[in-house]
Amino acid sequence: MLTENAEIISNTKLKDEYYKVTFRASDIVSENILAGHFVHVKISGLEEKILRRPFSVFNVVKSDVLEIVYKVVGAGTKHFSSLEPGVKCNILGPLGNPYTYPVNSEIPVLVAGGYGSAAMYLIAKNSCNPGILLIGARNSKELILIEEYRQLGFKIKIATDDGSSGHKGLVTDLMEKYCKNQYKIYGCGPNPMMYTMVRMLNSRSVAGELSLDHAMCCGVGGCYTCVVKVKDGRGGWKYSRTCKEGPVFKSSEIYI
Ligand SMILES: Cc1cc2nc3c(=O)[nH]c(=O)nc-3n(C[C@H](O)[C@H](O)[C@H](O)COP(=O)(O)OP(=O)(O)OC[C@H]3O[C@@H](n4cnc5c(N)ncnc54)[C@H](O)[C@@H]3O)c2cc1C
Ligand code: FES
């Protein structure tokens, strides 16, 4: 884990409220970033709101370039979207417990909601086999990065709440047929979606790796603001830090 004053190379609208920011961050990129790692960004010019904001690493390009895809949801991300190339932001990372990549004949099935397709892109990029992206959104305008996955040979299945693209309903509706052991299931999306996945996977004894999103302060394990319940191995539960033991947890470990 390192901190670096990383320079913005570009910061452009991807689609709807989603933006892609590209940083030159050679020190952090040298740290072997894996899918599921996140960075804690001090958004330049947002000094009165002192907390850093956590963002998953979307992509690593060359030996010194790191990309994040983010949605504007509040003051921090709105200000982030106004930053121009040349501005520097202090970045802390890579942080957290990452996903493990597929091995041998495992076929990855990535179940994505919200920014999930960005957070899991490095799985697709580093997978030994092409897989399937199950992607859900409120409507077709919020579906992001589909072409990037297609270019990696992934099949795409879509669900939207309003039926404007693909299946009308929840992305987890598309999961049933992949709850088999030849597939390796991954998830990232809003927590209610993650907990639906936990129920589906655990009731069928299928393994999965899920990234849980929780508001964070320190991002490095010191403040315990980011805890979620995990199984304690004795039939009960204990707290675990999303920033340190997570954000990626085995679905079998998550306590509901
Ligand atoms: C490990 C991790 C990885 C993340 N990766 C990404 C990513 O790749 N792309 C991306 O767009 N976002 C990601 N997020 C969420 C992102 O950190 C928040 O959207 C951001 O901090 C909001 O900042 P803000 O100042 O704009 O919003 P605020 O003004 O702080 O909040 C605005 C609204 O967003 C809600 N909100 C704030 N933080 C979160 C959160 N963590 N989860 C859910 N709702 C929240 C608030 O409750 C409020 O309703 C990630 C979060 C975590 C914990
Ligand atoms: S954010 Fe401080 S312990 Fe996780």
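Scanning segment 34-68 for residues that are within 16 Å of THR242 (Cβ to Cβ), part of a strand (DSSP E or B) and among the basic types (Lys, Arg) yields one hit, ARG53.
For residues that are among the charged types (D, E, K, R) and within 22 Å of LYS20 (Cα to Cα), scanning just segment 127-168, find the one that is surrounded by the most Cβ atoms within 10 Å (Cβ to Cβ). Step through it out loud before you land on a result.
Restricting attention to segment 127-168, the residues satisfying the condition of being among the charged types (D, E, K, R) are 138, 141-142, 147-148, 150, 155, 157, 161-162, 168.
Those still in the list that are within 22 Å of LYS20 (Cα to Cα) too: 138, 141-142, 147-148, 150.
Numbers: ARG138: 14, LYS141: 14, GLU142: 20, GLU147: 8, GLU148: 18, ARG150: 12.
By that ranking, first place goes to GLU142.
For segment 225-246, the set of residues classified as surrounded by 16 or more Cβ atoms within 10 Å (Cβ to Cβ) and in a loop (DSSP other than H, G, I, E, B) consists of CYS226, THR242, CYS243, LYS244, GLU245, GLY246, listed by residue number.
Of all the residues in segment 7-29, those that are in a strand (DSSP E or B) and either at pLDDT below 95 or in contact with a Lys or Arg (Cβ under 7 Å, 6 or more places away or on another chain) (or both) number 7.
In the condition set (1) in contact with a Cys (Cβ under 9 Å, 6 or more places away or on another chain); (2) more than 14 Å from ligand 1 (Cβ to nearest atom); (3) modelled with pLDDT of 95 or more; (4) not in a strand (DSSP E or B), SER117 is compliant with all but (2). Scanning segment 179-224 for residues that are among the aliphatic types (A, V, I, L, M), part of a helix (DSSP H, G or I) and within 16 Å of ligand 1 (Cβ to nearest atom) yields MET193, MET194.
The values are calculated or read from the model by the stated rules, or taken from the named source; none is laboratory data. The structure displayed is predicted, hence computed values, not measured ones. Virtual Cβ from ideal backbone geometry, glycine too; neighbours counted across all protein chains shown.
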